[in-house]
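The values are calculated or read from the model by the stated rules, or taken from the named source; none is laboratory data. All values reported here derive from a predicted model rather than from experimental measurement. Cβ placement follows ideal geometry from the backbone for every residue including glycine, while neighbour counts extend to all protein chains displayed. These accessible areas exclude ligands, DNA and RNA; they are computed on the full protein's heavy atoms, side chains included. Shrake-Rupley method; radii C 1.70, N 1.55, O 1.52, S 1.80 Å.
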Amino acid sequence: MPTPLPPEVADAASGLIASVVERLHDTSSFVRARALATLSHLCESRALPTDRFGPVARLGLARLADKNANVRRAALQLYARLLELNLIKRHSD
């Protein structure tokens, strides 16, 4: 079990993750794709807080309907990563 972060570090990390999530609605497809790739990397490194798994999965699924193929590909990779790590099933409640 990972050690809990000090409150000031946890707040900063939460703010950074929120910033990445905001980028999913950017007008630039490159920024949206990189935001999805960053979230995928955070999931893989187990750096995404458990209370963010559901919202991240829902946002990733929404990006599967994006007009840009690179964004759709990144969304699919994020969702595949979540499924591979079994993060959705464990934390969907």
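Quick notes
- In the range 58-69, of all residues being more than 12 Å from residue 21 (Cβ to Cβ) and among the small types (Gly, Ala, Ser), the one that is least open to solvent (accessible area, probe 1.4 Å) corresponds to 69.
- The range 43-57: number of residues that are in a helix (DSSP H, G or I), buried (at least 17 other Cβ atoms within 10 Å of the Cβ) and of a type outside the set (D, E, K, R): 4
- Verdict on residue 72 being at positive phi and open to solvent by 60 Å² or more (accessible area, probe 1.4 Å): no
- Cβ-Cβ under 6 Å pairs, at least 6 apart or on other chains, the range 74-93 side part of a loop (DSSP other than H, G, I, E, B), far side modelled with pLDDT of 70 or more and open to solvent by less than 40 Å² (accessible area, probe 1.4 Å): 91/53
- Considering residues of the range 25-42 that are in contact with a Leu (Cβ under 6 Å, 6 or more places away or on another chain) and modelled with pLDDT under 95 only, the residue least open to solvent (accessible area, probe 1.4 Å): 39
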